[in-house]
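The values are calculated or read from the model by the stated rules, or taken from the named source; none is laboratory data. Everything quoted here is computed from the prediction, not taken from an experiment. Don't worry about glycine lacking a Cβ; one is built from the backbone with ideal geometry, like all the others, and counts go over all protein chains shown.
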Amino acid sequence: MHFPESPDRTSKVPRFTFGQTLPEQKRELVENPLLERFAASRKALGADRYRPAYHFVNPEGTLNDPNGLCFWQGRWHLFYQAYPPEDTRQHWGHAVSDDLVHWQDLPYAIYPHPENCCFSGATLVEDDRVIAMYHGTEVGNMVAVSSDPLLLNWEKLTEGPVIPMLNPDGSKPPYRVFDPCIWKKDGVYFALSGGTLPTGAGTQFRPAEFLFRSTDLVNWVYLHPFVEGDQYTMVGDDGACPYFWPIGGRHILFFFSHMSGGQYLLGDTNQSGDKFRVTQHAKANYGPFAPSGVHAPSATPDGEDGVIVLYNMNSGVPVDGWNQIMTLARRMTLHGESDLRVTPAGAIKSLRGAHTRRSDIELPANQEVVLDEVHGDTMELQLEIAPGKAPMVEMNVLRSPGGEEVTRIQFFRDRGYVNRDQRERPQQSFVSIDTSRSSLLPNALSRAAETAPVLVDPDEPLRLRVFLDRSVVEVFVNDRVCLAVRIYPSREDSRGVSLYSRGMGSTASILESWQMESIYR
């Protein structure tokens with residue numbers, strides 16, 4: 001394959017070649033200059049009160065999309081768009097974990113050239129190597145491979161893009177060359193390239209994923225748009241950061257819309273596997289992705305018929321030297337044909353410290369019950385409550401003693417949409433994170449309440465699993481929905497927790513809390 005000459009875009013970031021065995025690599029990493037620099041940066045930035053303790057945040061500079069999450073030789077690998085200080089074009093940053101919770105920094109993985117920047121992409125794990133396919137800005141989609149124990153050494157298969165942005169004659173192809181993902185079926189590689197297609201109504205467009213096929217990773221043939229029957233996404237959405245994986249006998253397509261944020265489609269492939277028929281849709285954020293919202297996904301199979309996914313999150317207050325963070329890793333599973341469940345993934349319990357437990361807490365109507373023994377800003381909380389006939393129940397967290405600052409997690413039973421075709425559970429409930437009073441800071445950007453529909457059976461209690469991490473609130477609701485936002489309390493005493501039952505009384509059967517340890521110690 002012939003590639004036109006491109007300008008020298010070699011990165012200014014130091015680059016190292018590592019040995020091919022695990023003992024060699026561990027020895028070489030001990031005194032690696034980049035890791036020494038990362039450690040110093042973590043120490044300096046760790047004093048920021050809004051920098052999370054147990055949600056992953058990169059060691060230096062700013063952060064964007066997570067990329068290429070995968071499991072290789074017994075370890076989880078997370079890549080992400082990083083901006084090194086001496087060359088702030090996007091490189092692929094890299095971290096490794098044994099348990100999806102404790103992450104160890106590794107040197108930058110993929111460096112730009114011939115592309116100008118290394119944008120988002122995915123990985124495919126084979127028996128003897130890991131394949132990374134990603135977007136190289138100004139040239140097209142690239143492929144790199146690695147086979148060493150810690151995925152430290154990456155080699156690009158070609159001197160240029162395997163899917164160029166332009167045809168050989170300089171014309172534009174009938175597809176968008178952008179964020180890709182990759183998988184393999186019956187010995188053949190398939191790839192998606194994210195983009196849009198016109199709706200036929202003026203300049204409006206809808207999300208599209210363009211399908212390619214290859215037998216050697218170098219020569220790719222364009223087939224057609226991949227998704228059929230998408231009646232769920234909105235005009236103006238696009239299909240960035242796609243990840244397409246099997247789940248529970250069906251398939252799920254995660255993607256990011258630059259208009260409305262992270263979301264996914266559930267459906268089935270045809271017999272040849274080259275068309276995806278959509279039957280269901282849901283979102284990862286329930287409002288704009290910025291400020292303070294969930295952004296783009298990175299996903300990989302968990303080996304047990306589920307999928308592990310995490311997202312980056314945007315900031316809501318300017319900070320010095322860093323900005324975005326990652327959500328906790330989430331495990332998604334499919335029960336039956338359409339019941340998707342979401343739970344925290346990995347060894348979350350290993351972070352638990354001091355513990356409190358209360359049971360049978362009576363909540364009189366319209367009276368806030370402050371839990372004096374429960375307070376903190378790096379906690380896990382588990383609440384089980386029977387709302388009864390109360391129109392709304394809520395848990396208040398990061399609350400100042402006088403309520404000047406508070407973040408409200410609210411549940412509205414049977415106040416959602418009514419699906420007349422759903423006979424057993426026709427009406428949805430709503431769960432909401434209201435951050436309108438979370439901060440008194442003048443530069444904390446306001447955000448409308450993050451509100452998600454959730455199906456809860458009439459006799460089923462509300463079960464909340466809440467993770468507080470300095471500037472993060474992440475809430476799992478009955479294993480069916482997860483909401484996450486960034487918050488910035490200004491007061492040092494905004495650490496309290498209370499419960500409230502609106503209109504009528506209710507009972508909290510269990511409330512447990514744990515202080516959470518840092519993953520960076």
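Please find, among Q382, Q367, the residue that is in the same structural domain as R470 (by TED's automatic domain parsing), at pLDDT 95 or above and closer than 30 Å to A347 by Cα.
Q382
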(message) For a quick check of your reading of the model, give me the residue pairs whose first member lies in segment 277-294 and is under 22 Å from V227 (Cα atoms), whose second is surrounded by fewer than 18 Cβ atoms within 10 Å (Cβ to Cβ) and at pLDDT below 95, with beta-carbon atoms closer than 6 Å and at least 6 apart or on different chains.
(response) R277/E228; R277/G229; V278/G229; Q280/S338; H281/Y232
(request) Please tell me if R357 is out of contact with any helix residue (DSSP H, G or I) (no Cβ under 6 Å at 6 or more places or on another chain), surrounded by 15 or more Cβ atoms within 10 Å (Cβ to Cβ), in contact (Cβ under 8 Å) with a residue 60 or more places away in the chain and among the charged types (D, E, K, R). (result) no
(request) State which residue pairs qualify: first residue within 19 Å of E460 (Cα to Cα) and inside segment 499-521, second residue among the hydroxyl-bearing types (S, T, Y) in any location, beta carbons under 6 Å apart, and separation of 6 or more residues or different chains. (result) I510/S359
(message) Can you pull out every residue in segment 431-449 that is modelled with pLDDT under 95 and either surrounded by 16 or more Cβ atoms within 10 Å (Cβ to Cβ) or assigned to a strand (DSSP E or B) (or both)?
(response) L445, R447
(request) Might you let me know whether segment 334-349 holds any residue that is more than 24 Å from the chain's Cα centre (by Cα), in the same structural domain as Y83 (by TED's automatic domain parsing) and either small (G, A, S) or modelled with pLDDT of 95 or more (or both)? (result) yes
(request) Considering only residues that are in a loop (DSSP other than H, G, I, E, B) and in contact with a His (Cβ under 7 Å, 6 or more places away or on another chain), look in segment 170-216 and name the one that is surrounded by the fewest Cβ atoms within 10 Å (Cβ to Cβ). (result) F178
(request) Considering every residue within segment 419-429, establish whether at least one is of a type outside the set (A, V, I, L, M), at pLDDT 95 or above and under 27 Å from the mean Cα position of the chain (by Cα). (result) no
(message) For segment 315-333, check the following and say yes or no: at least one residue is within 17 Å of T451 (Cβ to Cβ) and of a type in the set (A, V, I, L, M).
(response) no
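I want to confirm something. Restricting to segment 304-321 and keeping residues that are part of a loop (DSSP other than H, G, I, E, B) and either closer than 19 Å to V477 by Cβ or free of Cβ contacts under 8 Å to residues at least 60 places away in the same chain (or both), which single residue is nearest to the chain's Cα centre (by Cα)?
Selected residue: G306.
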(request) Any residue in segment 145-173 that's touching a residue at least 12 places away in the same chain (Cβ under 8 Å) and not assigned by TED's automatic domain parsing to the domain that holds G194: show its pairings with residues that are surrounded by fewer than 14 Cβ atoms within 10 Å (Cβ to Cβ) and of a type in the set (V, I, T) at Cβ separation under 7 Å, as long as the two are six or more apart or on different chains. (result) none
(message) Just to be sure I understand the filter: pairs with C-beta atoms under 7 Å, separated by 6 or more residues or on different chains, first member in segment 470-484 and within 18 Å of S292 (Cβ to Cβ), second member of a type in the set (K, R). Which pairs pass?
(response) R470/R49; R470/R51; S471/R486; V472/R486; C482/R330
(message) Just the residues that are among the charged types (D, E, K, R) and touching a residue at least 12 places away in the same chain (Cβ under 8 Å), please, taken from segment 340-354.
(response) R341, R352
(message) Between S41, S6, which is of a type in the set (S, T, N, Q) and closer than 30 Å to W183 by Cα?
(response) S6
(message) Restricting to segment 40-93, give me the number of residues that are within 22 Å of H258 (Cβ to Cβ) and aromatic (F, W, Y).
(response) 4
(request) Can you tell me which residue within segment 98-130, out of those that are among the aliphatic types (A, V, I, L, M) and under 19 Å from F210 (Cβ atoms), is surrounded by the fewest Cβ atoms within 10 Å (Cβ to Cβ)? (result) L124
(message) Only one of P387, P391, P364 is farther than 28 Å from E517 by Cβ, more than 28 Å from the chain's Cα centre (by Cα) and crowded, with 20+ Cβ neighbours inside 10 Å. Can you tell me which?
(response) P387
(request) For segment 217-245, name all the residues that are touching a residue at least 60 places away in the same chain (Cβ under 8 Å) and either surrounded by fewer than 21 Cβ atoms within 10 Å (Cβ to Cβ) or acidic (D, E) (or both). (result) L217, V218, N219, W245
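Could you check segment 125-148 and list, in sequence order, the residues that are in contact with a Gly (Cβ under 7 Å, 6 or more places away or on another chain) and in a loop (DSSP other than H, G, I, E, B)?
V139
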(request) Answer with yes or no whether V485 is touching a Cys at 6+ places or on another chain (Cβ under 9 Å) and among the β-branched types (V, I, T). (result) no
